[in-house]
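The next block holds one structure in the form of structure tokens; read it before the comments.
None of the figures in this text is laboratory data; all of them are computed from the coordinates on show. The structure displayed is predicted, hence computed values, not measured ones.
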Amino acid sequence: MATISFIALAVVDIEAAADFYSKVFDLKSPDRLTGFVALETGATKLGLYPWDELAHDAGVSASRADGFRGITLCHNVASREGVDEIFSRACQADGTSVKSPTDTSWGGYSGYFADPDGHLWEVTWNPNYPLESGV
């Protein structure tokens with residue numbers, strides 16, 4: 001079985017992005033290396049890289065296209081209240097509300113926000129997928 005150990009996000013301002021994720025998810029960043037920040041998320045790290053440099057490393061254009069980028073990241077929480085708490089933190093930390101938390105067709109509760117670089121995050125509570133702990 002594959003283990004996803006690192007997720008890299010291209011960001012415009014590394015310090016602002018690290019501050020945003022610290023405020024929203026209470027992530028720590030012990031790995032502030034030259035050129036990027038790696039935030040602890042448990043078994044997986046969230047890496048923040050300069051937008052142009054990550055695009056160059058991948059060999060793709062750094063042009064910022066508007067609209068959906070084909071990916072959303074999801075943070076599952078243990079309760080409806082947890083969704084509201086994380087969503088509120090994101091908006092207070094300069095995130096953008098994309099879809100306010102609402103009841104879902106599958107019996108859960110979720111909402112979407114964008115981080116300051118436009119990456120979409122879903123915060124969700126799924127009563128059919130209980131978590132051991134968490135907000």
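What the table shows:
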| item | result |
| --- | --- |
| Spatially proximal aspartates and glutamates relative to residue 45 (Cα-Cα < 12 Å; intrachain offsets below 8 disregarded) | 31 |
| Size descriptor, Kirkwood hydrodynamic radius, that averages inverse alpha-carbon separations across region 72-125, Å | 10.7 |
| Calculated from backbone phi, Karplus (6.51, -1.76, 1.60) coupling profile of region 96-102 in Hz, x at Gly/Pro | 10, 5, 9, 8, 4, x, 8 |
| Largest to smallest principal axis extent of the C-alpha atoms in region 6-58, angstrom | 29, 22, 17 |
